[in-house]
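Below is one structure, written out as structure tokens; comments come after it.
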Amino acid sequence: LLIVGFLIALTSGLALSGTLKVIVQNWSSERAENTQPRSSLKQLLVPFIGITGGTCLFMSSGLEIFGFPSSLALGVGLPISLFTCLLVWLQLGSMMTFIQREGMQSLDLDSFS
């Protein structure tokens, strides 16, 4: 189950990465103001749920390997994974809103001019 959870999270992460690249390319090619970040987040929801599920399975299985009972492993792994994924989802949404509002150049961390 540990390997299965890792593979689920990995493949869902690759799908999320590909979908995110397509969304950003559409933003730069269209330069349309009518695209809302919330509609873009809807496209990312299914891969992100896959990442969340894979992470929960990976965490719970990892805790079981170290001797935790199944119910305790699930009781610890599930809230930690869900809380972490919720924070990442909120950060992703705010970054997409910021990029769409300010442009991709606003994220250039190498130049402080």
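Return a yes/no flag: does segment 74-87 have any residue that is modelled with pLDDT of 90 or more, aromatic (Phe, Trp, Tyr) and under 28 Å from residue 102 (Cα atoms).
There is no residue in segment 74-87 that is modelled with pLDDT of 90 or more, aromatic (Phe, Trp, Tyr) and under 28 Å from residue 102 (Cα atoms).
Only one of (1) surrounded by 14 or more Cβ atoms within 10 Å (Cβ to Cβ); (2) assigned to a helix (DSSP H, G or I); (3) at pLDDT below 85 is not met by residue 54, so which one is it?
(3)
Give the residues of segment 8-36 that are modelled with pLDDT of 70 or more, under 14 Å from residue 99 (Cα atoms) and either of a type in the set (Val, Ile, Thr) or over 19 Å from the mean Cα position of the chain (by Cα) (or both), sorted by residue number.
23, 24, 26, 27
The values are calculated or read from the model by the stated rules, or taken from the named source; none is laboratory data. Quick caveat, the model's predicted, so the values are computed rather than measured. Cβ atoms come from the backbone with ideal geometry, glycine included; neighbour counts cover every protein chain shown.
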